[in-house]
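Visitor: Here it is: the structure, laid out below.
The values are calculated or read from the model by the stated rules, or taken from the named source; none is laboratory data. Keep in mind that this is a model prediction, so the values were computed, not measured. Quick reminder, even Gly has a Cβ in these numbers, built from the backbone with ideal geometry, and neighbours come from all protein chains shown. These accessible areas exclude ligands, DNA and RNA; they are computed on the full protein's heavy atoms, side chains included. Shrake-Rupley method; radii C 1.70, N 1.55, O 1.52, S 1.80 Å.
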Amino acid sequence: MGDWTGITPETTVRDVLRTHPETRVIFDKYGMMGCGGAIGPPESVSFFAEMHGLTPDDLVAELTGMIDARRIELKPKEARGRSVDVSDPCPCGPEHDEPERHAKSGGCGLHDSTVSENGISTRAAKLLAAPVPRAEGSKCAHGRASRDLAKIFVRTGLLIFLVYGGTAGLIAFLSITSRGVSLPPLLTWPALVQSHAHAQIFGFAAMFVLGVSYHVMPRFMGVPLQNVSAAYASFYLLLAGVIVRTLYQPLAENPAAAMTAVIGSGMEIAGVIAYLSVVLATLREFKRRLPEGREGQPFAHMTYLGAGGVAFFISAVLSFWGAAHMLVTQTNIQPPALNDVWINVSIVGFIGMFILGVGWRTIPHFLGLEHTRPSAAKWALAFLAAGVLEQIISLGWPEEKMLTAGSALLECFGFVIFLLAAPLLGRYPVHRPAAPPLFSAFIRTAFFFGLAGFAGYAAVSVAAASGASVPRPFADAYRHAWTLGWITMLIVGVGYRVLPIFFGKEIARPGLIPVIYASLTAAVSIRIIADVGSARWPDLYAWSPLSGALALLAVFLFAIEVWRITGGADAEPEPDRAREEITENSNVAAVLESHPDLLPVFVRHGFGGLQNPVARKTVARFITVGQAAKKHGLDARQFVADLNRSLTA
């Protein structure tokens, strides 16, 4: 594939844009929208195609068609019917000359394959007439807006974890395990723990999830993010609501403080509604502009995200209910039964559904796996949703432990089905895409802890339904397996993988990744062992604060890298290098890095392995052009001459 252009499914998007910048309109049409910054993402064309619901061969063919069209000089009268306005270099932006065709084709009119008078396709003619994006990168303001939203949400979530969420949890456990630490008279341990949980779920995890959602949602759908002002409103409402609700709950025995907490919960509901309005508006735009040939494409992850959005709203309403109860009863804790349901709906229904929805679309590709059982994902969703619904119903009969046990079993069964459907455990990759160190370990460890959390929840609920007395630390164990082991581990692991792609930056300190992974794994393991083991060895509970300290260390180190990745200007495109003469002593990797358009020349002479970017980054760095020619039985001088002729062509 790719013919003379040298573009194959293994070519990176960045290399394609460097040699053929006019192809950016195609990548933006399918959802790149500034992802990877001005120089584009370092992912392969094949990976980009699979992530955006295309086949690699079709995308390569479309890219090659555009480049071929650019080589043909159209007469001015043949170029007048262009469908992309030169004044609008954003291919996903305002409607153009033909609104109906623009909407039907996904924004650029690139699906017309009829033949024009000069012998080329109408599609090629329109591509030829389209403006060539400037060297500094995409001018897609829509992509910039969603990326800016991702930046503020992600940074704010990490700040909430470090400043209050994780710190409050550490202080709470130090107050019961260390003699030198005590809480102020106004605070009670249960109220501080509930406040800590609210900050971690609605502050840290929700902020991170929504930030990623605002970035990937328009790119998954291939349309601009709609109602951007409402997206910013969702941020400010949620942030204000989380701060007020979290800080005033421990003081809620005072009516004024309790009323303030109720107002905070009301702002959270308003923030959720604003977020959902953005999702619905973007979904409507996606359906309106769904390109030809994609109408029947399965979007299983969208159903997960929809279920997660509904659970997000229900979770906010339950939080408001808890705040109102504290105001009426003049207490500073919400009822245990309500708190248990709120935690389950928030973790499994809201954050869990988002993790599984985005994970279904991305993680198997990141790990190099194939979706072997896509239909099973629907069954997994059905069991998980049924479990969350039964959990909500149990609020009407809090003494009926069988309802909670049934809910726990349904959720555990649904999670296991998802693991088998993705598949994330016990499968070897079919290919090995480039990824940060330990990325696979982050993902698999996170889902292992997630499975431990679901299994632990099922065991505790069934035991309680059978009449057994279950120690409270057992519930703490499965909840922290969920929140710290599954959610936080995934946030850090996936963040290391996707944030450099989002913002077009490289990881500056890869040596910190093993430290962060080890710290998080140790934090979760210590917490689970301390909680479960304390039933027999009470002294083990004193180790719980160490778990919190390690978690804070890991997130702090991760936040340092995130601040660097999301800050500053985008990486600038490399300037055109001088076309210096190639000699037999020239390094193969250096030649291809300086002149990637020479790759087809190497391939034509039998160096097909160089189409693999891994080979270009490894073997090619240790061999000269002359050595490579002799190894393949070529005349070195003739081969060098051919390269230089192509260089000056």
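Visitor: Might you let me know whether region 245-252 holds any residue that is without any contact (Cβ under 8 Å) to a residue 60 or more places away in the chain, within 16 Å of Leu158 (Cβ to Cβ) and of a type outside the set (Asp, Glu)?
Guide: Within region 245-252, none of the residues are without any contact (Cβ under 8 Å) to a residue 60 or more places away in the chain, within 16 Å of Leu158 (Cβ to Cβ) and of a type outside the set (Asp, Glu).
Visitor: Taking the criterion of being charged (D, E, K, R) and modelled with pLDDT under 90, would at least one residue in region 269-286 satisfy it? It would help to see each step written out before you state the result.
Guide: From region 269-286, those charged (D, E, K, R) are 284-285; that's our starting set.
Narrowing the set further to residues that are modelled with pLDDT under 90 leaves 284-285.
Yes: region 269-286 contains one or more residues that are charged (D, E, K, R) and modelled with pLDDT under 90.
Visitor: What are the residue pairs meeting all of these: first residue in region 185-205, first residue touching a residue at least 12 places away in the same chain (Cβ under 8 Å), second residue of a type in the set (Lys, Arg) and crowded, with 21+ Cβ neighbours inside 10 Å, Cβ atoms under 7 Å, and 6 or more apart or on different chains?
Guide: His198/Arg245
Visitor: Next up: Inside region 145-185, can you point out the residues that are of a type in the set (Ser, Thr, Tyr) and in contact with a Phe, Trp or Tyr (Cβ under 7 Å, 6 or more places away or on another chain)? I'd like the intermediate steps shown before the answer.
Guide: At the first step, the residues of region 145-185 found to be of a type in the set (Ser, Thr, Tyr) are 146, 156, 164, 167, 175, 177-178, 182.
Listed by number, the residues that qualify are Ser146, Ser175, Thr177.
Visitor: Ok, one more. Before we move on, is Gly222 out of contact with any strand residue (DSSP E or B) (no Cβ under 9 Å at 6 or more places or on another chain), closer than 17 Å to Leu552 by Cα and not hydrophobic (A, V, I, L, M, F, W, C)?
Guide: no
Visitor: What's the number of the only condition in (1) at pLDDT 90 or above; (2) buried (at least 24 other Cβ atoms within 10 Å of the Cβ); (3) hydrophobic (A, V, I, L, M, F, W, C) that Val562 fails to meet?
Guide: Result: Val562 fails condition (2) only.
Visitor: In addition: Among residues belonging to region 211-259 that are assigned to a helix (DSSP H, G or I) and among the polar types (S, T, N, Q), point out the one that is most open to solvent (accessible area, probe 1.4 Å). Explain how you work it out, then say what you get.
Guide: First, the residues of region 211-259 that are assigned to a helix (DSSP H, G or I): 211-221, 228-251, 255-259.
Filter again for among the polar types (S, T, N, Q), leaving 213, 229, 234, 246, 249.
Values: Ser213: 10, Ser229: 87, Ser234: 0, Thr246: 5, Gln249: 3 Å².
If we take residues in region 211-259 being assigned to a helix (DSSP H, G or I) and among the polar types (S, T, N, Q), then Ser229 is most open to solvent (accessible area, probe 1.4 Å).
Visitor: Somewhere in region 499-519, is a residue more than 30 Å from the chain's Cα centre (by Cα), open to solvent by less than 50 Å² (accessible area, probe 1.4 Å) and at pLDDT 90 or above? Reasoning before the result, please.
Guide: Initial filter on region 499-519 (more than 30 Å from the chain's Cα centre (by Cα)): none.
Checking region 499-519: not a single residue is more than 30 Å from the chain's Cα centre (by Cα), open to solvent by less than 50 Å² (accessible area, probe 1.4 Å) and at pLDDT 90 or above.
Visitor: Count, please, the residues in region 186-198 that happen to be open to solvent by 50 Å² or more (accessible area, probe 1.4 Å) and either under 17 Å from Ser544 (Cβ atoms) or touching a Phe, Trp or Tyr at 6+ places or on another chain (Cβ under 7 Å) (or both).
Guide: 2
Visitor: Considering Gly222, Gly264, which residue is in contact with a Lys or Arg (Cβ under 6 Å, 6 or more places away or on another chain) and touching a residue at least 12 places away in the same chain (Cβ under 8 Å)? Walk me through it before giving the result.
Guide: Working: Gly222 fails: in contact with a Lys or Arg (Cβ under 6 Å, 6 or more places away or on another chain).
Result of the check over Gly222, Gly264: Gly264.
Visitor: Give me a count of the residues in region 1-45 that are within 26 Å of Lys151 (Cα to Cα), part of a helix (DSSP H, G or I) and modelled with pLDDT under 65.
Guide: Qualifying residue count for the region: 3.
Visitor: Within region 476-494, identify whether any single residue is in contact (Cβ under 8 Å) with a residue 24 or more places away in the chain and surrounded by fewer than 19 Cβ atoms within 10 Å (Cβ to Cβ), and answer yes or no.
Guide: Going residue by residue through region 476-494, those that are in contact (Cβ under 8 Å) with a residue 24 or more places away in the chain are 476-494.
Those left that are additionally surrounded by fewer than 19 Cβ atoms within 10 Å (Cβ to Cβ): none.
Checked region 476-494: no residue is in contact (Cβ under 8 Å) with a residue 24 or more places away in the chain and surrounded by fewer than 19 Cβ atoms within 10 Å (Cβ to Cβ).
Visitor: Being in a helix (DSSP H, G or I), open to solvent by less than 30 Å² (accessible area, probe 1.4 Å) and at pLDDT below 85 narrows it down to one of Gly143, Gly169, Gly137, Gly157, so name that one. Can you show your working first?
Guide: Working: Gly169 fails: at pLDDT below 85; Gly137 fails: in a helix (DSSP H, G or I); Gly157 fails: at pLDDT below 85.
Result: Gly143 is the single residue among Gly143, Gly169, Gly137, Gly157 that is in a helix (DSSP H, G or I), open to solvent by less than 30 Å² (accessible area, probe 1.4 Å) and at pLDDT below 85.
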